[in-house]
Amino acid sequence: MNRIKIDILLIVAFLLFSSFSGSSESDSLLTVLKSEINKEQYYTQQKESYIQKLKKQLKQNNSSGFISQFRRDSILFEEYRSFKYDSAFIYARRMIELSKVHNDKARLIHSTISLSTVLLNSGMFKESFDELEKVETFGMSHSLRFDYLILRARINAGIAAYDNDAVFSKIYRKRSEEDFKNAESNSPSNSFEKTINLAFHPDSLKKKGLNADFFFDFITHSKLSMRNLAMASTRISYAFKSEDKIRFLALAAINDIRSSTKETLAILLLGQELFRLGNSTDAYLCIQEAVSNAKFYGARGHEVQIQSVLPIVASKLLDEKQHERDQFLIGSLVFLIIAVLLFFALFIYRNQMIRIKANERIISIKNEELESLNEKLWESSRIKEEFIGLFFSSVSTSIETLEKIKRKIQHNIKHENYQQVNAVLNNIQIERERTILYQTLDNMILTLFPNFISSFNLLLREEDQLWPKAGETLNANLRIFALMRLGINDLDTIAKILNYRVSTVYTYKVRIKSKAIVPAEDFERKLMEIKFTDVKKNQS
């Protein structure tokens, strides 16, 4: 009973899961079924262990009476009935022999029906029918008569399905229907069977608003054994189609596996329905399981019947797999083509990006060169501007001074005051004027290059550095290199500006460069790197 509750809880859990995940109930049950098929060997071993344990328990009962012997054989027959044909056949024959020896008519009929049942389960329709013909129906109890009619109805239905003929199958189906009706009239259905039968009356379904969900809930909550739940679910499956049919057959197949029922149609019917709906993969798995069950049970007739269906399903499955492989190959080829095109596109894009970056670097370098050139042009322009300003200022001052001297000299000559003329000429101090000129030049240089002195001394060793004395702006050596920083590289021009001989300027230049901490060839380049500061530009 606990096992049945667990099964129901598992099924309900999967149905709840399916409602959240969006998958159908039949898909969830098929997932459970595949899991149970993988555990089938475990259930089979459990069944065999249970039977061996049962045999030991029955053997411990040493009673040799007819009833005890018949009971032992009947119990073991029921265990083997849907598990193994050979063992079930042996115990059914033993039950028949015991019944004959003890002249027990009721038990003989029961045993014969049992033997006929296992013969039918193994697919031996003729042998099953022959055994059933031996039954003496006169004076039969209602329960035995019901079993007899139901079995005969099953035999006729089985022969009809096996023949699959438009003429003869129709005859056997008619006989089967008559036997089922006679069985119903002989032993009316209970409330459970009446509810199940409603599934086969469409008018009743519509009138009472019943559907597949109702019958599914009904049988899973009816506290049936796993075997009976599988049988009830298989029967109801005939009343429905498609997804609902699959749901009931999957439920039946799950419980058949868990109860180690090898003689079953549920898994075969499920495979056929899945195949009809186009699910060849699951159909092939189910039909393979049906073949395995038939072999294990020993149902030779069913095995042949099932194996005739298996190649059709396998062929369809192979076609589908081939189609999938073809689709995969086509998809792979398309993907490869796209990948190649993408690779070339990326290759071209990469080359373009390399070119663009190279061009950007060139443009950046050119911009830096232009910026540097603009700075130099601006620097040159400002230096020229300062020099022109200094030139005109000096010239203007000199002209004013000369004009004053001229007027004084003319005035003194006019009054014949020659001594005063001499005094005026003596007051002209050329060195003082030159000093003023140098100071003006120094101020202009330090205005344009305020860090000239410190930057220049960084090119020299500490003991050889040149620093102006107190009261000086620039000394003679610094002034030579300051003029060179202004762009005056001609030694003759520098000599004229500073009133030196060319050789003197050259000597100063060579001497200072020899004391530099940088190579002689780099000295002038480093000199020209001393920063220029445009005061007007900074102020703006």
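Here is how the numbers come out for the structure above:
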item	result
Residue selected from segment 79-111 under the condition farther than 26 Å from residue 50 by Cα and β-branched (Val, Ile, Thr), by the criterion surrounded by the most Cβ atoms within 10 Å (Cβ to Cβ)	109
Failed item in (1) more than 51 Å from the chain's Cα centre (by Cα); (2) surrounded by 16 or more Cβ atoms within 10 Å (Cβ to Cβ); (3) modelled with pLDDT of 85 or more, with residue 219 passing the rest	(1)
Contacts under 8 angstrom Cβ, first residue in segment 40-63 being over 27 Å from residue 290 (Cβ atoms) and assigned by TED's automatic domain parsing to the domain that holds residue 78, partner in a helix (DSSP H, G or I) and of a type in the set (Asp, Glu), 6 or more apart	54/79
Filtered residue count, segment 121-157, keeping only those that are in a loop (DSSP other than H, G, I, E, B) and within 18 Å of residue 263 (Cβ to Cβ)	3
Qualifying residues in segment 227-266 (those that are polar (S, T, N, Q) and out of contact with any Ser or Thr (no Cβ under 6 Å at 6 or more places or on another chain)) - the one modelled with the lowest pLDDT	264
Conditions (1) touching a Phe, Trp or Tyr at 6+ places or on another chain (Cβ under 8 Å); (2) part of a helix (DSSP H, G or I): number failed by residue 203	(1)
Condition check for residue 442: assigned to a helix (DSSP H, G or I) and surrounded by 18 or more Cβ atoms within 10 Å (Cβ to Cβ)	yes
Which listed residue, of 253, 294, 283, 232, is of a type in the set (A, V, I, L, M, F, W, C), within 18 Å of residue 84 (Cβ to Cβ) and touching a helix residue (DSSP H, G or I) at 6+ places or on another chain (Cβ under 9 Å)	294
Which numbered condition residue 210 fails, given (1) surrounded by 13 or more Cβ atoms within 10 Å (Cβ to Cβ); (2) part of a loop (DSSP other than H, G, I, E, B); (3) in contact (Cβ under 8 Å) with a residue 60 or more places away in the chain	(3)
Subset of segment 120-148 (residues that are surrounded by fewer than 20 Cβ atoms within 10 Å (Cβ to Cβ) and at positive phi)	139
Qualifying residue in segment 159-179 (condition: of a type in the set (Ser, Thr, Tyr), surrounded by fewer than 18 Cβ atoms within 10 Å (Cβ to Cβ) and in a helix (DSSP H, G or I))	yes
Residue tally, condition in a helix (DSSP H, G or I) and over 16 Å from residue 42 (Cα atoms), over segment 254-274	9
Any chance residue 247 is of a type in the set (Lys, Arg) and crowded, with 24+ Cβ neighbours inside 10 Å	yes
Hits in segment 213-245 - residues which are outside any helix (DSSP H, G or I) and of a type outside the set (Lys, Arg)	221, 222, 224, 225, 238, 239, 240
Within segment 384-430, considering residues that are modelled with pLDDT under 70 and outside any helix (DSSP H, G or I), the one farthest from residue 483 (Cα to Cα)	427
Residue within segment 185-193 that is in the same structural domain as residue 229 (by TED's automatic domain parsing), surrounded by fewer than 15 Cβ atoms within 10 Å (Cβ to Cβ), hydrophobic (A, V, I, L, M, F, W, C) and not in a helix (DSSP H, G or I) present	no
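Conditions (1) more than 54 Å from the chain's Cα centre (by Cα); (2) in a helix (DSSP H, G or I), marked per residue:
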| residue | (1), (2) |
| --- | --- |
| 55 | yes, yes |
| 67 | yes, yes |
| 74 | yes, yes |
| 82 | no, no |
| 87 | no, yes |
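The values are calculated or read from the model by the stated rules, or taken from the named source; none is laboratory data. What you are looking at is a predicted structure, and each value in this text was computed from that prediction instead of being measured. We place every Cβ from the backbone using ideal geometry, glycine too, and count neighbours over all the protein chains shown.
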